[in-house]
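The values are calculated or read from the model by the stated rules, or taken from the named source; none is laboratory data. Model, not experiment: these values are computed from the prediction. Here Cβ is always computed from backbone atoms with ideal geometry, including for glycine, and neighbour counts include all displayed protein chains. Each accessible area value is taken on the protein alone, full model and side chains, heavy atoms only, with ligands, DNA and RNA left out. Shrake-Rupley method; radii C 1.70, N 1.55, O 1.52, S 1.80 Å.
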Amino acid sequence: SHPSDSIVRKLYALAAQCQTKLGDTSGALNTLQEGKKIYPNDAELLFTEGALRLENRDYQGAISVYRTLLQSEDRPHFGSVVEGLRGSKGKHNLAVALWQSGDQPQAEKLWKEVTQEQPTFLPAYRGLGEALLARKDWGTLEEIALQIEPLGTEGQELSILWRGRM
């Protein structure tokens, strides 16, 4: 396929995901790098690379890639991309990488941003809850527990878990 074909950028991401599932991390990273030569700001390629680096405990690499994702824009193109990669999902994953690298205050700040932007995005609440538990901020954690209880079974279970841990 020609690089201008709408499917090509998606193929790089899918190929890298397949290589990851087969245990070929270096091959997946190489595929993503090749794709980024043609599409340097593609949200799916950047998000996939960040997730791969995060999974392999390359926290500084993941932080760098997620920051690029969140700060860059791509040229308009036809394609099917998961919504939120440059928003709540990208910020949440950056927060996870920051948390794992030891920058808990910055991670907590990002999780707060995500929960304000996407009040039903439970993964960010889960991270924020861990940060509040670590700081023993019981009052704020109780407020958030009340906030997420109406979000269904998962929100209710998370609230119960936090109260037990408090």
For this session: Give the residue, chosen from Ala124, Ala134, that is free of Cβ contacts under 8 Å to residues at least 40 places away in the same chain, of a type in the set (Gly, Ala, Ser) and surrounded by fewer than 18 Cβ atoms within 10 Å (Cβ to Cβ).
Result: Ala134
Exercise. What residue, of Arg53, Arg9, is modelled with pLDDT of 95 or more and either touching a strand residue (DSSP E or B) at 6+ places or on another chain (Cβ under 6 Å) or charged (D, E, K, R) (or both)?
Worked result: Arg53
Problem set entry | Members of region 76-90 that are at pLDDT below 85 and either assigned to a helix (DSSP H, G or I) or open to solvent by less than 30 Å² (accessible area, probe 1.4 Å) (or both) | Gly84
Exercise. Is it true that Tyr66 is within 25 Å of Ala131 (Cα to Cα), of a type in the set (Ser, Thr, Tyr) and either at pLDDT below 95 or out of contact with any strand residue (DSSP E or B) (no Cβ under 9 Å at 6 or more places or on another chain) (or both)?
Worked result: yes
For this session: Could you look through region 11-63, keep only residues that are hydroxyl-bearing (Ser, Thr, Tyr) and out of contact with any Phe, Trp or Tyr (no Cβ under 8 Å at 6 or more places or on another chain), and pick out the one that is least open to solvent (accessible area, probe 1.4 Å)?
Result: Thr48
For this session: Taking Gln118 as the residue in question, decide whether it is free of Cβ contacts under 8 Å to residues at least 60 places away in the same chain and over 21 Å from the mean Cα position of the chain (by Cα).
Result: no
Exercise. What are the residues in region 22-50 that are of a type in the set (D, E, K, R), modelled with pLDDT of 95 or more and under 23 Å from Glu83 (Cβ atoms), if any?
Worked result: Glu49
For this session: Hey, can you tell me all the residues within region 22-32 that are within 17 Å of Glu44 (Cα to Cα) and out of contact with any helix residue (DSSP H, G or I) (no Cβ under 8 Å at 6 or more places or on another chain)?
Result: Asn30
Exercise. In region 137-146, which residues are open to solvent by 20 Å² or more (accessible area, probe 1.4 Å) and either closer than 17 Å to His92 by Cβ or polar (S, T, N, Q) (or both)?
Worked result: Thr140
